[in-house]
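**Student:** Input: one structure, supplied below.
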Amino acid sequence: MQLSQLYSHIIAQLEGAHIDVPDLEARIILETRAQISWSDIIADGDRVVAPEPLKLIEGDMQRRIAGEPLSRIYGQREFWGLNFEISPDTLDPRPDTETLIEAALKAYPAPETPPKTILDLGAGSGCILISLLSEWDEASGVGIDKSPEAIKTAQKNAISNNVADRSSFKTGDWGRGIDQKFDLIVSNPPYIANQIIKTLSKEVQNHDPILALDGGNDGLDAYRQIFSELSSLLNVGGRAFFEIGFDQEASVVRLAEESRIRVKHVHHDLAGQPRVVEIYSGDK
Ligand code: GLN
(Lines give C-alpha, C1' and ligand atoms only; values in the text may rest on other atoms or scores of the structure.)
Protein backbone atom coordinates (compact mmCIF):
# COMPACT_ATOMS: atom_id res chain seq x y z
CA MET A 1 0.00 0.00 0.00
CA GLN A 2 1.21 3.52 -0.78
CA LEU A 3 1.71 6.02 2.01
CA SER A 4 -1.03 8.42 0.84
CA GLN A 5 -3.50 5.50 0.60
CA LEU A 6 -2.52 4.31 4.06
CA TYR A 7 -3.04 7.80 5.50
CA SER A 8 -6.52 8.04 3.97
CA HIS A 9 -7.34 4.50 5.09
CA ILE A 10 -6.45 5.26 8.73
CA ILE A 11 -8.45 8.49 8.66
CA ALA A 12 -11.49 6.69 7.20
CA GLN A 13 -11.33 3.98 9.88
CA LEU A 14 -11.04 6.50 12.71
CA GLU A 15 -13.78 8.68 11.27
CA GLY A 16 -16.02 5.64 11.07
CA ALA A 17 -15.49 5.16 14.81
CA HIS A 18 -16.47 8.82 15.46
CA ILE A 19 -13.04 9.82 16.68
CA ASP A 20 -12.88 13.62 16.98
CA VAL A 21 -9.71 14.58 15.11
CA PRO A 22 -8.97 11.60 12.85
CA ASP A 23 -6.32 13.29 10.70
CA LEU A 24 -4.25 14.32 13.70
CA GLU A 25 -4.52 10.84 15.22
CA ALA A 26 -3.61 9.25 11.86
CA ARG A 27 -0.44 11.36 11.82
CA ILE A 28 0.44 10.36 15.37
CA ILE A 29 0.00 6.68 14.45
CA LEU A 30 2.24 6.99 11.39
CA GLU A 31 4.86 8.99 13.24
CA THR A 32 4.99 6.80 16.34
CA ARG A 33 4.60 3.39 14.74
CA ALA A 34 6.43 3.85 11.43
CA GLN A 35 8.53 7.01 11.91
CA ILE A 36 6.64 8.58 9.01
CA SER A 37 6.42 12.34 9.45
CA TRP A 38 3.81 14.79 8.19
CA SER A 39 6.26 16.04 5.57
CA ASP A 40 6.82 12.43 4.35
CA ILE A 41 3.04 12.12 3.89
CA ILE A 42 2.92 15.32 1.83
CA ALA A 43 6.15 14.95 -0.14
CA ASP A 44 6.47 11.19 -0.50
CA GLY A 45 2.88 9.91 -0.78
CA ASP A 46 3.75 7.39 -3.50
CA ARG A 47 6.20 5.55 -1.29
CA VAL A 48 5.20 1.93 -0.68
CA VAL A 49 4.91 1.12 3.02
CA ALA A 50 6.50 -2.17 4.14
CA PRO A 51 4.13 -4.94 5.37
CA GLU A 52 5.64 -5.07 8.87
CA PRO A 53 4.58 -1.59 10.11
CA LEU A 54 1.27 -2.06 8.31
CA LYS A 55 0.39 -4.97 10.59
CA LEU A 56 1.33 -3.01 13.69
CA ILE A 57 -0.66 0.00 12.52
CA GLU A 58 -3.69 -2.19 11.89
CA GLY A 59 -3.42 -3.52 15.47
CA ASP A 60 -3.13 0.02 16.89
CA MET A 61 -6.19 1.11 14.93
CA GLN A 62 -8.28 -1.75 16.28
CA ARG A 63 -7.35 -0.81 19.85
CA ARG A 64 -8.06 2.85 19.16
CA ILE A 65 -11.43 2.06 17.63
CA ALA A 66 -12.25 -0.04 20.71
CA GLY A 67 -11.82 3.11 22.84
CA GLU A 68 -8.20 3.10 23.96
CA PRO A 69 -6.55 6.53 23.58
CA LEU A 70 -3.38 6.61 21.46
CA SER A 71 -1.46 7.96 24.44
CA ARG A 72 -2.30 4.74 26.33
CA ILE A 73 -1.44 2.51 23.37
CA TYR A 74 1.98 4.13 22.98
CA GLY A 75 2.52 4.99 26.68
CA GLN A 76 3.42 8.55 25.86
CA ARG A 77 1.88 11.95 25.32
CA GLU A 78 3.12 15.32 24.15
CA PHE A 79 2.44 18.17 26.55
CA TRP A 80 3.79 21.72 26.34
CA GLY A 81 6.00 20.60 23.43
CA LEU A 82 7.71 17.97 25.62
CA ASN A 83 7.34 14.21 25.55
CA PHE A 84 5.96 12.46 28.64
CA GLU A 85 5.77 8.79 29.45
CA ILE A 86 2.43 7.88 31.00
CA SER A 87 1.39 4.76 32.88
CA PRO A 88 -1.85 3.23 34.18
CA ASP A 89 -1.25 5.22 37.41
CA THR A 90 -0.98 8.64 35.78
CA LEU A 91 -3.68 10.83 34.30
CA ASP A 92 -3.25 11.33 30.58
CA PRO A 93 -2.07 14.98 30.31
CA ARG A 94 -4.71 17.12 28.56
CA PRO A 95 -4.28 20.20 26.38
CA ASP A 96 -6.62 21.98 28.86
CA THR A 97 -3.89 21.71 31.48
CA GLU A 98 -1.57 23.78 29.28
CA THR A 99 -3.84 26.69 30.33
CA LEU A 100 -2.30 26.31 33.78
CA ILE A 101 1.25 26.52 32.40
CA GLU A 102 0.37 29.62 30.37
CA ALA A 103 -1.31 31.28 33.34
CA ALA A 104 1.67 30.61 35.62
CA LEU A 105 4.17 31.95 33.06
CA LYS A 106 2.05 35.06 32.55
CA ALA A 107 2.10 35.78 36.29
CA TYR A 108 5.85 36.44 36.17
CA PRO A 109 6.42 38.69 33.15
CA ALA A 110 10.03 39.71 32.53
CA PRO A 111 11.83 41.43 34.19
CA GLU A 112 9.98 40.06 37.26
CA THR A 113 11.93 37.27 38.97
CA PRO A 114 10.36 33.87 38.28
CA PRO A 115 9.58 31.63 41.25
CA LYS A 116 12.56 29.78 42.73
CA THR A 117 10.64 26.96 44.37
CA ILE A 118 7.61 25.09 43.04
CA LEU A 119 5.35 22.48 44.62
CA ASP A 120 3.11 20.27 42.44
CA LEU A 121 0.39 18.50 44.43
CA GLY A 122 -0.89 15.34 42.75
CA ALA A 123 1.91 15.45 40.19
CA GLY A 124 0.96 12.31 38.22
CA SER A 125 3.26 12.09 35.18
CA GLY A 126 4.99 15.25 36.43
CA CYS A 127 3.93 17.16 33.32
CA ILE A 128 3.06 20.45 35.09
CA LEU A 129 6.16 20.71 37.26
CA ILE A 130 8.52 19.49 34.52
CA SER A 131 7.09 21.92 31.95
CA LEU A 132 7.51 24.84 34.35
CA LEU A 133 11.07 23.82 35.24
CA SER A 134 11.86 23.62 31.53
CA GLU A 135 10.79 27.27 31.23
CA TRP A 136 12.54 28.59 34.34
CA ASP A 137 16.21 27.51 34.51
CA GLU A 138 16.76 28.77 38.03
CA ALA A 139 13.74 27.08 39.60
CA SER A 140 13.59 23.80 41.45
CA GLY A 141 10.55 21.82 42.49
CA VAL A 142 8.93 19.03 44.46
CA GLY A 143 6.16 16.81 43.11
CA ILE A 144 3.88 14.86 45.45
CA ASP A 145 1.57 12.01 44.49
CA LYS A 146 -0.32 9.31 46.38
CA SER A 147 0.74 6.66 43.90
CA PRO A 148 4.29 5.23 44.11
CA GLU A 149 3.96 4.07 40.48
CA ALA A 150 3.14 7.61 39.33
CA ILE A 151 6.22 8.85 41.21
CA LYS A 152 8.41 6.42 39.27
CA THR A 153 6.96 7.63 35.97
CA ALA A 154 7.42 11.30 36.94
CA GLN A 155 11.07 10.64 37.88
CA LYS A 156 11.68 9.08 34.47
CA ASN A 157 10.05 12.07 32.79
CA ALA A 158 12.23 14.48 34.78
CA ILE A 159 15.31 12.62 33.50
CA SER A 160 14.20 12.49 29.87
CA ASN A 161 13.31 16.19 29.95
CA ASN A 162 16.60 17.19 31.61
CA VAL A 163 15.27 18.60 34.89
CA ALA A 164 16.08 15.68 37.22
CA ASP A 165 18.77 17.73 39.00
CA ARG A 166 16.18 20.37 39.91
CA SER A 167 13.24 18.19 40.87
CA SER A 168 12.29 15.54 43.36
CA PHE A 169 9.14 13.41 43.42
CA LYS A 170 7.80 11.78 46.58
CA THR A 171 4.71 9.94 47.71
CA GLY A 172 2.45 11.87 50.02
CA ASP A 173 -1.07 12.91 50.93
CA TRP A 174 -1.40 16.40 49.43
CA GLY A 175 0.60 18.79 51.63
CA ARG A 176 0.64 16.67 54.80
CA GLY A 177 4.03 16.52 56.44
CA ILE A 178 5.70 19.00 54.10
CA ASP A 179 7.65 21.44 56.25
CA GLN A 180 8.91 23.77 53.53
CA LYS A 181 7.27 26.81 51.92
CA PHE A 182 7.19 27.46 48.18
CA ASP A 183 6.97 30.48 45.88
CA LEU A 184 4.56 28.71 43.56
CA ILE A 185 2.09 25.87 44.11
CA VAL A 186 0.39 24.11 41.20
CA SER A 187 -2.11 21.30 41.06
CA ASN A 188 -4.47 19.47 38.75
CA PRO A 189 -6.28 17.53 41.48
CA PRO A 190 -9.04 14.95 40.94
CA TYR A 191 -12.20 17.04 40.55
CA ILE A 192 -14.90 14.83 39.05
CA ALA A 193 -17.88 14.22 41.36
CA ASN A 194 -18.00 10.46 41.84
CA GLN A 195 -21.50 9.95 40.42
CA ILE A 196 -20.37 11.75 37.22
CA ILE A 197 -17.46 9.40 36.54
CA LYS A 198 -19.71 6.74 35.02
CA THR A 199 -20.99 9.29 32.48
CA LEU A 200 -17.52 10.16 31.11
CA SER A 201 -16.26 8.86 27.77
CA LYS A 202 -14.87 5.32 27.72
CA GLU A 203 -11.43 6.76 26.90
CA VAL A 204 -11.47 8.45 30.32
CA GLN A 205 -13.49 5.93 32.36
CA ASN A 206 -11.55 2.88 31.25
CA HIS A 207 -8.06 4.31 30.97
CA ASP A 208 -7.47 7.18 33.41
CA PRO A 209 -6.73 6.13 37.01
CA ILE A 210 -9.71 6.62 39.29
CA LEU A 211 -7.45 8.19 41.92
CA ALA A 212 -6.69 11.02 39.49
CA LEU A 213 -10.37 11.67 38.70
CA ASP A 214 -12.46 11.07 41.81
CA GLY A 215 -13.04 14.31 43.70
CA GLY A 216 -15.54 12.82 46.18
CA ASN A 217 -19.32 13.40 46.35
CA ASP A 218 -19.23 16.97 45.03
CA GLY A 219 -15.85 16.83 43.23
CA LEU A 220 -14.34 19.32 45.69
CA ASP A 221 -12.64 17.10 48.30
CA ALA A 222 -9.10 17.75 47.04
CA TYR A 223 -9.56 21.54 47.02
CA ARG A 224 -10.92 21.42 50.59
CA GLN A 225 -7.85 19.57 51.76
CA ILE A 226 -5.34 21.67 49.78
CA PHE A 227 -6.94 25.00 50.76
CA SER A 228 -6.75 24.05 54.43
CA GLU A 229 -3.00 23.51 54.03
CA LEU A 230 -2.18 26.37 51.69
CA SER A 231 -1.10 29.03 54.20
CA SER A 232 1.53 26.70 55.66
CA LEU A 233 2.91 25.81 52.21
CA LEU A 234 2.96 29.14 50.37
CA ASN A 235 5.53 31.90 50.87
CA VAL A 236 4.32 35.46 51.43
CA GLY A 237 3.85 36.95 47.96
CA GLY A 238 3.52 33.45 46.52
CA ARG A 239 1.01 32.27 43.98
CA ALA A 240 -0.97 29.11 43.43
CA PHE A 241 -2.70 27.78 40.32
CA PHE A 242 -5.35 25.07 40.44
CA GLU A 243 -7.06 23.40 37.53
CA ILE A 244 -10.84 23.17 37.95
CA GLY A 245 -13.72 21.48 36.13
CA PHE A 246 -15.64 23.61 33.59
CA ASP A 247 -18.58 24.04 36.00
CA GLN A 248 -16.65 24.55 39.25
CA GLU A 249 -15.68 28.23 39.13
CA ALA A 250 -18.32 29.43 41.61
CA SER A 251 -17.90 26.55 44.04
CA VAL A 252 -14.08 26.62 44.10
CA VAL A 253 -14.01 30.42 44.46
CA ARG A 254 -16.50 30.16 47.34
CA LEU A 255 -14.41 27.46 48.99
CA ALA A 256 -11.29 29.62 48.66
CA GLU A 257 -13.05 32.60 50.23
CA GLU A 258 -14.26 30.45 53.10
CA SER A 259 -10.62 29.46 53.66
CA ARG A 260 -9.59 33.18 53.50
CA ILE A 261 -7.69 32.62 50.30
CA ARG A 262 -7.54 35.48 47.80
CA VAL A 263 -8.53 34.48 44.26
CA LYS A 264 -6.76 36.81 41.85
CA HIS A 265 -8.13 35.56 38.57
CA VAL A 266 -9.90 32.67 36.87
CA HIS A 267 -8.24 31.75 33.55
CA HIS A 268 -10.19 30.26 30.66
CA ASP A 269 -9.11 27.40 28.38
CA LEU A 270 -9.11 27.46 24.57
CA ALA A 271 -12.75 26.37 24.54
CA GLY A 272 -13.62 29.43 26.66
CA GLN A 273 -14.36 27.41 29.82
CA PRO A 274 -13.13 28.51 33.25
CA ARG A 275 -10.16 26.19 33.84
CA VAL A 276 -7.57 27.61 36.23
CA VAL A 277 -7.97 29.47 39.51
CA GLU A 278 -5.06 31.79 40.35
CA ILE A 279 -4.43 32.56 43.98
CA TYR A 280 -2.21 35.27 45.41
CA SER A 281 -1.03 34.93 48.98
CA GLY A 282 -0.71 38.60 49.82
CA ASP A 283 1.69 41.52 49.72
CA LYS A 284 5.38 41.06 50.04
N1 GLN B 1 -9.70 16.91 32.91
C2 GLN B 1 -10.00 15.54 33.23
C3 GLN B 1 -11.29 15.14 32.55
O4 GLN B 1 -12.16 15.94 32.38
C5 GLN B 1 -10.13 15.33 34.71
C6 GLN B 1 -8.90 15.65 35.40
C7 GLN B 1 -9.07 15.82 36.86
O8 GLN B 1 -9.98 15.33 37.54
N9 GLN B 1 -8.16 16.53 37.36
O10 GLN B 1 -11.46 14.01 32.19
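**Student:** Collect the residues in segment 74-99 that are open to solvent by less than 20 Å² (accessible area, probe 1.4 Å) and among the aliphatic types (A, V, I, L, M), keeping them in residue-number order.
**Tutor:** Scanning segment 74-99 gives a single hit, Ile86.
**Student:** Same structure again: Need at least 3 residues that are more than 14 Å from the ligand (Cβ to nearest atom) and open to solvent by 70 Å² or more (accessible area, probe 1.4 Å) per element, so show me which helices (runs of 4 or more DSSP H) inside segment 189-284 make the cut, counting only ones lying wholly within it. Outline the logic, then answer.
**Tutor:** Details: elements: 202-207, 221-233, 249-258.
Correct list: 221-233, 249-258.
**Student:** Say we look at segment 170-188 and pick out the residues that are open to solvent by less than 60 Å² (accessible area, probe 1.4 Å) and touching an Asp or Glu at 6+ places or on another chain (Cβ under 7 Å); which of these is farthest from the ligand (Cβ to nearest atom)? Spell out how you get there, then give the answer.
**Tutor:** Restricting attention to segment 170-188, the residues satisfying the condition of being open to solvent by less than 60 Å² (accessible area, probe 1.4 Å) are 172-175, 178, 182-188.
The next check asks that each one be touching an Asp or Glu at 6+ places or on another chain (Cβ under 7 Å); those that pass are 174-175, 186-188.
Numbers: Trp174: 14, Gly175: 17, Val186: 12, Ser187: 9, Asn188: 5 Å.
Restricting to residues being open to solvent by less than 60 Å² (accessible area, probe 1.4 Å) and touching an Asp or Glu at 6+ places or on another chain (Cβ under 7 Å), the top hit is Gly175.
**Student:** Just to be sure before I move on: is Asp165 farther than 21 Å from Lys146 by Cα, open to solvent by less than 50 Å² (accessible area, probe 1.4 Å) and not aliphatic (A, V, I, L, M) in the structure I sent?
**Tutor:** Details: farther than 21 Å from Lys146 by Cα: yes; open to solvent by less than 50 Å² (accessible area, probe 1.4 Å): no; not aliphatic (A, V, I, L, M): yes.
In short, no.
**Student:** Does segment 113-122 include one or more residues that are surrounded by fewer than 21 Cβ atoms within 10 Å (Cβ to Cβ), within 23 Å of Asp269 (Cα to Cα) and among the basic types (Lys, Arg)?
**Tutor:** Scanning segment 113-122, I find no residue that is surrounded by fewer than 21 Cβ atoms within 10 Å (Cβ to Cβ), within 23 Å of Asp269 (Cα to Cα) and among the basic types (Lys, Arg), so the answer is no.
**Student:** Report, by residue number, each residue of segment 142-162 that is surrounded by 23 or more Cβ atoms within 10 Å (Cβ to Cβ), among the small types (Gly, Ala, Ser) and in contact (Cβ under 8 Å) with a residue 40 or more places away in the chain.
**Tutor:** Ala150, Ala154
The values are calculated or read from the model by the stated rules, or taken from the named source; none is laboratory data. Here the structure is a predicted model, which means the values were calculated and not measured. Every residue, glycine as well, gets a Cβ built from its backbone with ideal geometry; the counts of neighbours run over all protein chains shown. For the accessible areas, the whole protein counts, side chains as well, though only heavy atoms, and no ligand, DNA or RNA atoms are used. Shrake-Rupley method; radii C 1.70, N 1.55, O 1.52, S 1.80 Å.
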